[in-house]
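Asks: Dumping the structure here so I can ask a few things about it.
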């Protein structure tokens with residue numbers, strides 16, 4: 001199955017955190033595509049450092065819940081400590097499952113497609129770079145169409 005993931009970091013050596021996270025994904029599948037890195041202005045909680053973001057396509061045999069467990073392990077191994085009071089705060093690494101084939105998953109632990117991906121330029125720019133025709137199975141639109149429908153917003157710079 002082909003899963004699309006979004007990665008972000010805004011603490012410490014952001015480039016190294018993303019690179020290490022991408023390298024660690026080999027334990028859970030094969031990275032077949034990787035976007036450029038994008039420097040992005042924080043949204044919602046804006047009083048924090050800018051993020052470095054990217055997207056990857058991962059070929060995996062893992063079911064979504066097992067893939068999520070692996071991604072959370074990578075985050076922990078890279079020093080991520082989740083704080084329920086600061087869900088949108090600074091982080092060493094954040095890895096989200098955006099799409100998992102055309103599957104739709106709704107559970108207390110996981111929602112696929114990612115419920116906010118269609119509103120986030122910092123997610124859609126890198127995703128549209130590597131997979132412009134990737135398809136949102138709920139909204140019935142491609143990553144490129146979703147990106148083009150966004151209003152002007154926070155700064156996203158390709159590096």
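The values are calculated or read from the model by the stated rules, or taken from the named source; none is laboratory data. Everything quoted here is computed from the prediction, not taken from an experiment. Neighbour counts run over all protein chains shown; Cβ positions are idealised from the backbone, glycine included.
Asks: Which condition breaks for residue 68 when tested against (1) touching a residue at least 40 places away in the same chain (Cβ under 8 Å); (2) over 24 Å from residue 20 (Cα atoms); (3) buried (at least 16 other Cβ atoms within 10 Å of the Cβ)?
Replies: Unmet for residue 68, out of (1) touching a residue at least 40 places away in the same chain (Cβ under 8 Å); (2) over 24 Å from residue 20 (Cα atoms); (3) buried (at least 16 other Cβ atoms within 10 Å of the Cβ): (2).
Asks: Assuming residue 109 fulfils every condition listed in (1) without any contact (Cβ under 8 Å) to a residue 60 or more places away in the chain; (2) under 14 Å from the mean Cα position of the chain (by Cα) apart from one, which condition is it?
Replies: (2)
Asks: Scan region 74-86 for residues that are in contact with a strand residue (DSSP E or B) (Cβ under 8 Å, 6 or more places away or on another chain) and either part of a helix (DSSP H, G or I) or crowded, with 20+ Cβ neighbours inside 10 Å (or both) and jot them down.
Replies: 74, 75
Asks: Confirm whether residue 155 is on the phi < 0 side of the Ramachandran plot and modelled with pLDDT of 95 or more. Reasoning before the result, please.
Replies: Values: on the phi < 0 side of the Ramachandran plot: yes; modelled with pLDDT of 95 or more: no.
When the stated conditions are applied, residue 155 does not pass them.
Asks: Continuing with this model, one more query. Which count do you get for residues in region 42-62 that are over 15 Å from the mean Cα position of the chain (by Cα) and within 17 Å of residue 126 (Cβ to Cβ)?
Replies: 1
Asks: Out of all the residues in region 113-145, which are touching a residue at least 12 places away in the same chain (Cβ under 8 Å), part of a helix (DSSP H, G or I) and over 14 Å from the mean Cα position of the chain (by Cα)?
Replies: Selection gives 144 alone.
Asks: Here's another thing I want to ask about it. For residue 89, work out the one condition from (1) free of Cβ contacts under 8 Å to residues at least 60 places away in the same chain; (2) part of a loop (DSSP other than H, G, I, E, B); (3) out of contact with any helix residue (DSSP H, G or I) (no Cβ under 8 Å at 6 or more places or on another chain); (4) loosely packed, with under 14 Cβ neighbours inside 10 Å it doesn't fulfil.
Replies: With (1) free of Cβ contacts under 8 Å to residues at least 60 places away in the same chain; (2) part of a loop (DSSP other than H, G, I, E, B); (3) out of contact with any helix residue (DSSP H, G or I) (no Cβ under 8 Å at 6 or more places or on another chain); (4) loosely packed, with under 14 Cβ neighbours inside 10 Å applied to residue 89, the lone miss is (4).
Asks: Now a separate question. Taking the condition out of contact with any helix residue (DSSP H, G or I) (no Cβ under 8 Å at 6 or more places or on another chain), modelled with pLDDT of 95 or more and crowded, with 18+ Cβ neighbours inside 10 Å, does residue 14 pass? Reasoning before the result, please.
Replies: Working: out of contact with any helix residue (DSSP H, G or I) (no Cβ under 8 Å at 6 or more places or on another chain): yes; modelled with pLDDT of 95 or more: yes; crowded, with 18+ Cβ neighbours inside 10 Å: yes.
In short, yes.
Asks: Quick check on region 146-158. Is at least one of its residues without any contact (Cβ under 8 Å) to a residue 40 or more places away in the chain, in a strand (DSSP E or B) and farther than 19 Å from residue 53 by Cβ? Steps first, please.
Replies: First, pick out the residues of region 146-158 that are without any contact (Cβ under 8 Å) to a residue 40 or more places away in the chain: 146-152.
Subset that is in a strand (DSSP E or B): none.
No - not one qualifying residue is present in region 146-158.
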